[in-house]
Amino acid sequence: MSGQLFRLTFTKLRSFERCRKQYWFRYLSGREWPPDVPTPALIVGKGVHRAMKTLCETGRPEDGASELDTYLRMPIHECAGPGTDGHRDAFALFERGCEAHASIESEASWPELDTWVPWESRGLSIRARMDRADRLGPGQWQIVDWKTGRYELDEHIDTQLDISHLALRVSKRLAAQDNVTAIGWNLRTGERRERRLTRADARATMFRMHGLAERMQKTVEFEATPGPGCAFCEWRPQCAAAAAVPLAIDALEWDEFVEPASEVEDQPAEFDDGSAMS
Ligand code: SF4
């Protein structure tokens, strides 16, 4: 595998769109990433995702609840520990997750597929993952991204689902005619945002990601864009531009997950279906 591929993740793309300075801090500055600052929304989101993964693995709600309980009792997660609103919120979300799980009728299930989708001839590798995949029947698949936040833009969900679709096509080696329903399923609101995706859509996603990667690589100016998102930016203490922006963590609980640097640096996996993308 070439070491020259430009690595693209949804989080990296969002950072580039949100604030070029943050993008520079994270991916170009070479500085050591600051540690995550736990917030109740972040811990609840991660804990519920862990519990939903366990539920998908064993099919038993008690296993998911145990995983969630243990996670929230960790000292580092005390902001959402027992007795807090975050703790109650997490278990309420997981209860809805159990109902969602029970409503899915499938032949086989896979929790948290996570892979890299290289496109060697274009110098690109895309990290693609999803929370859950199900084979519903012959040639019929479903993928789910669980959502736990109060605010998320539809266009961001759509892009995440399109990238998740790549992970399924690659890791399960879907036939060209196989169809995929991709769902952004919000456990807080019950909203299900669905996209019906084909092999042609996966190809279009690859070309779109390539165009975005080219733009990112050509960018030479990284201006700061201070705003409410600074409240969630791990680089805020090092960013002079953010000084005038009031913190708003309590007012806004965006469904924001920051990829640890160690995950961003994961090595791309082999891609068995790449020739058709060229
Ligand atoms: S603190 Fe705000 S302005 Fe500064 S890098 Fe982060 S998001 Fe950008």
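Observations on the structure shown:
- Filtering region 1-42 to residues that are more than 16 Å from the ligand (Cβ to nearest atom) and more than 21 Å from residue 184 (Cβ to Cβ) leaves 1, 2, 3, 4, 5, 6, 7, 38, 40.
- Any hit, region 31-45, residues being surrounded by fewer than 14 Cβ atoms within 10 Å (Cβ to Cβ) and of a type in the set (Lys, Arg): yes
- Every residue from region 195-207 that is over 18 Å from the mean Cα position of the chain (by Cα) and without any contact (Cβ under 8 Å) to a residue 40 or more places away in the chain: 196, 197, 198, 199, 200, 201, 204, 207
- Flag for residue 239 being buried (at least 17 other Cβ atoms within 10 Å of the Cβ) and either hydroxyl-bearing (Ser, Thr, Tyr) or closer than 23 Å to residue 153 by Cα (or both): no
- Per the listing 162, 134, 158, the residue uniquely in a strand (DSSP E or B) and more than 16 Å from the ligand (Cβ to nearest atom) is 134.
- Answer residue from region 122-131, given it is in a strand (DSSP E or B) and under 18 Å from the mean Cα position of the chain (by Cα) and is surrounded by the fewest Cβ atoms within 10 Å (Cβ to Cβ) among those: 129
- Of all the criteria given as (1) assigned to a helix (DSSP H, G or I); (2) of a type outside the set (Val, Ile, Thr); (3) crowded, with 17+ Cβ neighbours inside 10 Å; (4) in contact with a Phe, Trp or Tyr (Cβ under 7 Å, 6 or more places away or on another chain), the one not satisfied by residue 217 is (3).
- The residue of region 165-194 that is farthest from the chain's Cα centre (by Cα), among those that are assigned to a strand (DSSP E or B) and farther than 19 Å from residue 148 by Cα, is 179.
- Residue identified as surrounded by fewer than 18 Cβ atoms within 10 Å (Cβ to Cβ) and either out of contact with any Pro (no Cβ under 7 Å at 6 or more places or on another chain) or not acidic (Asp, Glu) (or both) among 194, 152: 194
- Residue within region 259-268 that is modelled with pLDDT under 65, within 16 Å of the ligand (Cβ to nearest atom) and touching a helix residue (DSSP H, G or I) at 6+ places or on another chain (Cβ under 7 Å) present: yes
- Pairs are defined by a Cβ separation below 8 Å, a sequence spacing of at least 6 or placement on different chains, a first member in region 7-22 that is free of Cβ contacts under 8 Å to residues at least 40 places away in the same chain, and a second member that is within 13 Å of the ligand (Cβ to nearest atom); the pairs so defined are 15/22; 15/23; 15/26; 15/27.
- Unmet requirement for residue 101, which otherwise passes all of (1) assigned to a strand (DSSP E or B); (2) over 26 Å from residue 9 (Cβ atoms): (1)
- In region 108-121, the residues that are more than 20 Å from residue 142 (Cα to Cα) and either surrounded by fewer than 18 Cβ atoms within 10 Å (Cβ to Cβ) or polar (S, T, N, Q) (or both): 120, 121
- Residue 227, sole failed condition from (1) surrounded by 16 or more Cβ atoms within 10 Å (Cβ to Cβ); (2) of a type outside the set (D, E, K, R); (3) at pLDDT below 95: (1)
- Hey, residue 148 touching a strand residue (DSSP E or B) at 6+ places or on another chain (Cβ under 8 Å) and of a type outside the set (A, V, I, L, M) or not: yes
- Pairs are defined by a Cβ separation below 6 Å, a sequence spacing of at least 6 or placement on different chains, a first member in region 216-245 that is without any contact (Cβ under 8 Å) to a residue 40 or more places away in the chain and over 17 Å from residue 13 (Cα atoms), and a second member that is near the ligand (Cβ under 8 Å from one of its atoms) and among the basic types (Lys, Arg); the pairs so defined are 242/236.
- The listed residue being charged (D, E, K, R), more than 30 Å from residue 89 (Cα to Cα) and in contact with a helix residue (DSSP H, G or I) (Cβ under 9 Å, 6 or more places away or on another chain), out of 14, 26, 50, 20: 26
The values are calculated or read from the model by the stated rules, or taken from the named source; none is laboratory data. Predicted, not measured: the structure shown is a model, and the values here were computed from it. When we count neighbours, we look across all protein chains shown, and the Cβ atoms used for this are built from the backbone with ideal geometry, even at glycine.
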